[in-house]
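**Q** The structure is given below, and queries will be raised subsequently.
Bear in mind these aren't lab numbers, they're just calculated from the coordinates by the rules spelled out. Bear in mind that the values here come from a model prediction, so they are computed numbers and not experimental data. Counting neighbours? That spans all protein chains shown, and the Cβs are built from the backbone with ideal geometry, glycine included.
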Amino acid sequence: MRIAAPVLACVLTLIVGSLFFASLGHDPLPTLYAFFIEPLSSMNGLSEWLLKASPLILIACGLAIGFRANVWNIGAEGQFTMGAIAASGVGLFWPNPESALLLPLMFLAGMAAGMAWAAIPAFLRSRMNTNEILVTLMMTYIATLFLSYLVHGPWRDPAGFNYPQTALLPAAAMFQSFDPAYRLNSSIFITVVAVLLMWLFTDRSFLGYKMSVSGAAPLAARYAGFRESAAVWIGLLAGGAAAGIAGMAEAAGPLGQLSPQISPGYGFAAIIVAFIGRLNAFGIVLGGLLMSLLFLGGEGVQMTLALPSALTRIFQGILLFFLLAADFFIFYRIRLVRPVKDAPALETAR
Amino acid sequence: MQPRLELRNISKRYPGVVANDDVSLTIQPGEIHAVLGENGAGKSTLMKIIYGAAQADSGEIYCDGNLIAAHNPAMSRSLGIEMVYQHFALFESVSVVENIALSASSAFNLPSLAEKIRELSLRYGMPIDPHRQVHDLSVGERQRVEIVRCLLQAPKLLILDEPTSVLTPQAVVKLFGTLRQLAAEGCSIVYISHKLDEVQELCDTATVLRNGKVTGTARPKETTSLELARMMVGSRLPEMHVSPAAPSEKPVLEVRNLSAKARDHFGVDLEDVSFNVHGGEIVGLAGVSGNGQAELIALLSGERRHAQGDAIKINGTAAAALRPDERRRLGLAFVPEERLGRGAVPSHTLWENAVLTAHRFGTVRNGLVDRRRAAAFATGIIDRFKVKANGPDATAQSLSGGNLQKFIVGREIALAPKLLLVSQPTWGVDVGASAFIRQTIVDLSRAGTAVFVVSEELDELFEICDRLLVICKGRVSPPLVRTSTDREEIGLLMTGRTMGKDQTGGSSVALQD
């Protein structure tokens with residue numbers, strides 16, 4: 001049944017999506033074709049598909065480690081942004097722009113920045129018992145505004161015609177594309193390694209075991225002496241590290257520079273990916289590919305059929321809604337309760 | 001006479017188990033009828049079928065001579081069948097009358113309902129103030145609320161599931177008085193229990209179940225407990241062997257002047273608790289539930305830590321400030337009262353639950369869980385403790401309470417502890433398994449382990465303990481040697497009174513039942 005829920009949610013999303021297209025005056029079948037099939041029918045489409053799936057999968061793997069322990073990091077978008085900022089900072093200002101160490105240093109900087117941004121809610125939660133959902137979310141807005149400040153102010157490219165963006169990163173600070181014609185680059189291997197590490201951690205390691213006990217039965221974790229604060233720290237830092245690395249790979253890959261909008265909402269979409277994937281490493285790969293297709297298809301129909309760009313978000317929302325609903329109906333049963341007949345007595349009670 | 005309730009050839013099958021096999025029984029109006037049996041004998045399934053919460057695969061139920069065709073709990077209530085569950089379903093933060101109103105199926109008027117509650121509870125000799133908050137009530141009083149809730153429906157048949165498991169001996173006497181009065185007025189009572197002495201004292205007839213089948217019907221007052229026990233567990237009635245204790249010279253567990261504030265409004269403050277447990281002996285803690293046992297055991301296990309490190313010493317090491325896993329490194333093992341969610345993770349398999357506390361025993365290597373070893377460890381427990389489970393891959397929640405308890409006790413004993421803490425070792429566990437668990441605990445102690453047992457069953461404590469402590473309102477009595485004390489002395493200490501000598505001081509303390 002745990003597998004059935006995502007499948008059911010996808011089918012329902014397609015049905016509601018079709019109704020939606022019909023209501024906008026488009027024939028559903030060709031539109032669905034344009035949305036889901038056309039993007040994958042070219043080499044460039046496939047490249048873009050994997051390119052967008054990669055950060056989603058990477059971030060979702062990190063988040064799922066926390067989610068399994070009931071640590072709700074909703075702020076991957078902010079950690080992604082901070083990772084991109086830190087990595088770009090190293091790439092732009094490192095004294096030797098041709099150093100072979102540049103890319104590894106940017107990787108470390110991105111990871112550290114993502115973790116540092118997640119460490120703040122972790123500290124607040126474990127020390128002051130604040131709600132990490134709220135804190136991580138609010139930290140996202142701080143990160144976004146910080147990025148905006150940098151690209152409008154101190155980091156703005158002097159030769160950039162006053163556009164709010166940084167200078168381009170030097171070549172040594174960029175991942176190489178597999179083929180100059182397409183944008184897909186070697187950073188995808190980072191995601192492959194992350195998926196394998198995530199699987200090893202959750203399915204095989206003792207630390208992952210402790211985390212799953214914390215999530216499934218907090219009293220049993222306390223009984224066994226597993227530290228609650230450890231679950232909070234590991235859960236948030238794993239999500240922060242993954243999001244930070246994803247931000248670095250985005251800056252050092254398709255973007256090549258910072259601008260106010262560096263993410264089409266990867267950090268939030270990854271939450272949906274983690275749940276569609278049932279918090280399982282290989283499920284997350286499938287979930288990420290699906291979510292990436294939604295991004296691509298949304299862009300596609302926007303261009304070819306002039307449908308609104310909000311469509312992508314709407315599809316994401318419908319999908320998550322149906323997934324949660326399907327889970328709910330699998331675990332609970334609805335029963336109608338008839339109202340009481342002799343209501344007068346209740347009247348006197350009032 | 002027309003029987004109040006008649007079950008004819010009831011059978012109920014679950015995948016892999018026959019829960020009830022051709023069960024027939026007849027209950028007359030005004031009869032107190034015991035249903036005796038071990039856990040897993042099919043008592044609960046049968047009660048669910050009578051109450052309509054489960055449907056029989058075959059067989060018929062007649063109430064007052066009429067066949068009940070489509071059965072469900074609403075139908076039961078309209079027929080006058082009510083049930084008092086073993087674990088109460090009361091909301092702590094509202095008053096008695098509000099609790100009862102919440103469960104009313106029809107509309108109600110609060111002031112008149114309160115008046116009815118007062119009247120009914122007085123008539124049956126179990127007075128309750130309808131406006132008191134439930135969290136202020138003792139367990140015995142809470143049970144009265146549950147019973148009054150049923151009585152308000154003017155039941156013709158009342159089902160009670162293990163009603164005495166949380167009561168003091170004195171409160172049991174009062175409950176029995178109420179039940180006899182009800183029966184005298186014509187209400188039939190089904191009394192589910194595994195306590196033979198109570199059934200013999202209270203019940204007119206008994207139907208004994210074993211493996212889903214009726215193994216006998218008896219008049220308990222005219223039958224010996226040995227005969228009843230044989231019917232329940234077959235010929236394999238285990239006997240306890242308790243050899244004399246040989247306590248170690250130095251105590252393994254030392255508790256010195258331990259005081260602690262309750263963590264929440266409903267808890268109990270511990271005041272100046274001191275006692276020792278030596279290797280090779282079993283020390284029991286008696287008391288009515290909710291007098292500080294939960295707080296004390298959490299402080300001993302490390303689930304709650306204490307700033308004053310030397311208030312608790314394990315093998316001479318100050319341990320009160322240590323975490324549970326650090327105390328386990330000093331040789332502690334612990335069987336908690338809640339099996340699901342505390343002693344075991346419900347959704348995890350048995351091998352995963354073995355890793356929970358056995359991770360220092362070869363099931364984790366280089367930071368990775370060794371699945372094969374964990375499975376072997378779990379299989380070892382399953383075999384040695386005869387846990388009925390579908391192998392190490394069965395989830396903890398798929399096991400019956402008694403079997404999961406055997407697994408948890410087995411796991412903790414397999415850790416070869418120097419100090420074993422056990423809370424409610426046989427709560428809800430059937431006679432056969434209880435005897436086995438008790439014997440295992442005794443054997444462990446005779447091999448040199450210090451054992452500390454918290455239990456609400458006095459019989460159990462008298463059976464296995466060498467010394468007894470009594471807890472009341474967060475204070476622990478000086479130790480009593482089992483062979484030189486009796487149930488009466490313990491019972492009085494449980495209610496906060498001392499023996500005869502100190503009459504004036506004792507009488508000012510309210511009886512907690």
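**Q** For the range B:5-233, what D do you get in µm² per second when you plug the Kirkwood radius from alpha-carbon pairs into Stokes-Einstein at 10 °C and 1.306 mPa s?
**A** Values: Rh = 18.2 Å.
Roughly 87 µm²/s, to the nearest whole number.
**Q** Then there is this: Based on DSSP H runs of at least 4 residues, each adding -39500 (n - 2.57), what is the mean residue ellipticity at 222 nm of chain B after dividing by all its residues, to the nearest 500 deg cm²/dmol? Walk me through the intermediate numbers first.
**A** Numbers: 17 runs with 170 residues, N = 513.
That comes out to -9500 deg cm²/dmol.
**Q** Give me a comma-separated list of calculated 3J(HN,Hα) values for the range A:103-117, in order, Karplus coefficients 6.51, -1.76, 1.60 applied at θ = phi - 60°, integers in Hz, x for any Gly or Pro.
**A** Taking θ as phi minus 60°, the curve returns 4, x, 5, 5, 4, 5, 5, x, 4, 4, 5, x, 5, 4, 5 Hz for the range A:103-117.
**Q** Among A:67-75, A:20-28, how do they line up by average Cβ neighbours within 10 Å per residue, starting with the highest?
**A** The peptides rank, most packed first, as A:67-75, A:20-28.
**Q** Given the C-alpha centroids of the range A:77-100 and the range A:1-63, what is the distance between them in whole angstrom?
**A** One Cα centre to the other: 32 Å.
**Q** Looking at the protein assembly as shown, send over the antiparallel percent of its DSSP beta bridges, to the nearest 5. Write out the running numbers ahead of the final one.
**A** Working: 40 of 77 bridges.
Roughly 50 percent of the beta bridges in the protein assembly as shown run antiparallel, per DSSP.
**Q** Which residues in the range A:300-335 place their backbone N less than 20 Å from a point set 7 Å from the Cα of A:Ile15 along the Cα-to-Cβ direction?
**A** From the range A:300-335, the list is A:314-335.
**Q** A further question on this structure: Relative to the first principal axis of the alpha-carbon coordinates of chain A, what is the inclination of helix A:4-23, with its axis defined by its Cα atoms, in degrees from 0 to 90 and to the nearest 10?
**A** Between helix and principal axis, roughly 80 degrees.
**Q** Another question, if that's okay. I'd like the mean, over residues of B:341-349, of how many other protein chain beta carbons sit within 10 Å of each residue's own Cβ.
**A** For this peptide, the per-residue mean of nearby foreign Cβ atoms is 5.
**Q** What is the Cα radius of gyration of the range B:257-394 over 2.2 N^0.38 Å, N being its residue count?
**A** Normalised by 2.2 N^0.38 Å, the Cα Rg of the range B:257-394 equals 1.21.
**Q** Follow-up. What per residue convex hull volume, in Å³, comes out for the range A:153-214 when only alpha-carbon positions are used?
**A** That works out to 179 Å³ per residue.
**Q** With the contact rule set at Cα under 8 Å and sequence spacing of 6 or more, what percent relative contact order holds for the range B:251-495? All intermediate terms of the calculation are to be shown ahead of the outcome.
**A** Working: 485 pairs, mean separation 68.3, N = 245.
Relative contact order for the range B:251-495 comes out at 28 percent.
**Q** Shifting gears a bit: If contacts are Cα pairs under 8 angstrom and at least 6 residues apart, what is the relative contact order of chain B in percent?
**A** 15 percent
**Q** If you put +1 on each Lys and Arg Cβ and -1 on each Asp and Glu Cβ, how big is the dipole of the range B:251-495 around its Cα centre, in Debye rounded to 20?
**A** Numbers: 30 positive and 29 negative charges, 214 e Å.
Approximately 1020 debye in magnitude.
**Q** Evaluate the relative contact order of chain A (contact order divided by residue number), counting alpha-carbon pairs under 8 angstrom at least 6 apart; express in whole percent. Numbers along the way, then the final one.
**A** Working: 578 pairs, mean separation 114.7, N = 350.
The value is 33 percent.
**Q** Where does the range B:251-495 land on Rg/Rh, using Cα atoms and the Kirkwood Rh?
**A** Rg/Rh: 0.96.
**Q** Other chains' Cβ within 10 Å of A:221-230 residues: what's the mean?
**A** Per-residue shielding by partner chains comes out at 6.
**Q** So what J values fall out for the range A:187-201 if you push phi through Karplus, 6.51 cos²θ - 1.76 cosθ + 1.60 with θ = phi - 60°, rounded to Hz, Gly and Pro as x?
**A** 3J(HN,Hα) across the range A:187-201, in whole Hz: 5, 5, 5, 4, 5, 4, 5, 4, 4, 5, 4, 4, 4, 4, 5.
**Q** Show that you can apply the helix-only estimate: for chain A, add -39,500 (n - 2.57) for every DSSP H stretch of four or more residues, divide by all residues, and state [θ] at 222 nm to the nearest 500.
**A** -23000 deg cm²/dmol
**Q** Over the C-alpha atoms of the range A:111-196, what are the Rg and the largest Cα-to-Cα span, Dmax, in Å?
**A** Over the range A:111-196's Cα set, Rg and Dmax evaluate to 17.8, 52 Å.
**Q** Something else: With just the Cα atoms defining each centre, how far is the range A:212-249 from the range B:246-286? Give it in Å.
**A** Spelled out, the Cα-based centre of one part sits 34 Å from the other.
**Q** Quick one: Cα centre-to-centre distance for the range B:364-378 and the range A:156-200, in angstrom?
**A** Result: 41 Å between the Cα centres.
**Q** Follow-up question, since we're still on this one. With the convex hull built on the Cα atoms of the range B:1-107, state its orientation-averaged projected area in nm².
**A** 8.7 nm²
**Q** Hey, with R₀ at 22 Å, roughly what FRET efficiency would A:Asn70 and B:Asp393 work out to, going by the Cβ-Cβ distance, to 0.05?
**A** E between A:Asn70 and B:Asp393, to the nearest 0.05, is 0.35.
**Q** Any idea what the dipole of the protein assembly as shown comes to, in debye rounded to 20, about its Cα centre with Lys/Arg Cβ at +1 and Asp/Glu Cβ at -1?
**A** Numbers: 75 positive and 74 negative charges, 173 e Å.
Dipole magnitude for the protein assembly as shown comes out near 820 debye.
**Q** Here is a further query. So for the range A:45-307, what are the equivalent ellipsoid semi-axes in whole Å, largest first, each being the square root of 5 times an eigenvalue of the Cα gyration tensor?
**A** Whole-Å semi-axes of the equivalent ellipsoid: 31, 21, 17.
**Q** Taking every pair of distinct Cα atoms and averaging 1/r, then inverting, what Kirkwood hydrodynamic radius in Å comes out for the protein assembly as shown?
**A** 31.4 Å
**Q** Round to the nearest 10 and give me the degree value, 0 to 90, for the angle of helix A:132-152's Cα axis relative to the longest principal axis of chain A.
**A** The angle comes out near 30 degrees.
**Q** In addition: Starting with the highest mean, order B:197-203, B:241-247, A:248-254, B:347-353 by the number of other Cβ atoms within 10 Å, averaged over the residues of each peptide. All intermediate terms of the calculation are to be shown ahead of the outcome.
**A** Working: B:197-203: 19.1, B:241-247: 13.0, A:248-254: 26.3, B:347-353: 23.1.
The peptides rank, most packed first, as A:248-254, B:347-353, B:197-203, B:241-247.
**Q** Which of the trypsin sites (Lys or Arg not before Pro) across the range A:230-334 are loop residues per DSSP, with 10 or fewer other Cβ within 10 Å?
**A** Details: sites: A:Arg278, A:Arg313, A:Arg333; in loops: A:Arg278, A:Arg333.
The qualifying sites are A:Arg333.
**Q** While we're on this one: Taking H as built 1.01 Å from N, whose amide H comes closer than 5 Å to the amide H of B:Val335, not counting residues under 5 places away?
**A** B:Leu421, B:Val422, B:Ser423
**Q** Shifting gears a bit: Might you report the magnitude of the Cβ-based charge dipole of the range B:194-339 about its Cα centre, with Lys and Arg at +1 and Asp and Glu at -1, to the nearest 20 debye?
**A** Numbers: 19 positive and 21 negative charges, 117 e Å.
Dipole about the Cα centre, nearest 20: 560 debye.
**Q** Roughly what angle does helix A:281-304 make with the longest principal axis of chain A, taking Cα atoms, 0 to 90 degrees, to the nearest 10?
**A** Once rounded, one gets 70 degrees.
**Q** Can you tell which of A:Leu197, A:Leu105, A:Leu219 shows the greatest fluctuation in a Gaussian network model of chain A with Cα springs below 10 Å?
**A** The residue with the greatest mean-square fluctuation here is A:Leu219.
**Q** Let me ask something additional. Per 10 Å bin, what percent of the C-alpha pairs of chain B does each bin hold, from zero upward?
**A** Histogramming chain B at 10 Å steps yields 4, 17, 27, 27, 18, 7, 1, 0 percent.
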